[in-house]
Amino acid sequence: MPGALLHVGAIIQCAHGGMAEPTQPNPRVKIMGQPIVTQPCIYSVSGCTFPPPPVANGPCVTAQWVMAALRVRASGMPVLLQDSQAICMPTGAPLVIGMTQMRVTGT
């Protein structure tokens, strides 16, 4: 399905409310002056409220994207879209994309 491309300014959180930010965005492609993000980029998560062991297996520390665009690539890597999916480590919780730019879309 088509979706808006993710950029550095997108608001992304783990399922427990922690803020997620890309560690290595693609500096060569920009939307609205901000770099986009491709699938291999790891996201760092800060402020996750999920309890640590022995109560649970939290908090979320990093996230890896498992689904990205099928047709659109930047620097040979699939770009991330608003409907892309990621899994947080070590909890296995998903990332939730709250807001991103809406000018550029891909599939």
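Quick look at the numbers
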item: Subset of the stretch 40-49 [surrounded by 20 or more Cβ atoms within 10 Å (Cβ to Cβ) and either over 28 Å from residue 73 (Cβ atoms) or among the β-branched types (Val, Ile, Thr) (or both)]; result: 45, 48
item: Conditions (1) in contact with a Gly (Cβ under 8 Å, 6 or more places away or on another chain); (2) modelled with pLDDT of 95 or more; (3) under 16 Å from residue 101 (Cα atoms): number failed by residue 50; result: (3)
item: Residue among 4, 20 that alone is assigned to a strand (DSSP E or B), within 20 Å of residue 89 (Cβ to Cβ) and at pLDDT 95 or above; result: 20
item: Positions within the stretch 14-39 being in contact with a strand residue (DSSP E or B) (Cβ under 8 Å, 6 or more places away or on another chain) and open to solvent by 70 Å² or more (accessible area, probe 1.4 Å), in sequence order; result: 19, 21, 23, 27, 28, 30, 32
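The values are calculated or read from the model by the stated rules, or taken from the named source; none is laboratory data. A quick note: this is a predicted structure, and the numbers were derived from the prediction, not measured. So basically every Cβ, Gly included, is an ideal-geometry build from the backbone, and we count neighbours across all protein chains shown. When the accessible area is computed, the model is the full protein with side chains, heavy atoms only, and any ligands, DNA or RNA have been set aside. Shrake-Rupley method; radii C 1.70, N 1.55, O 1.52, S 1.80 Å.
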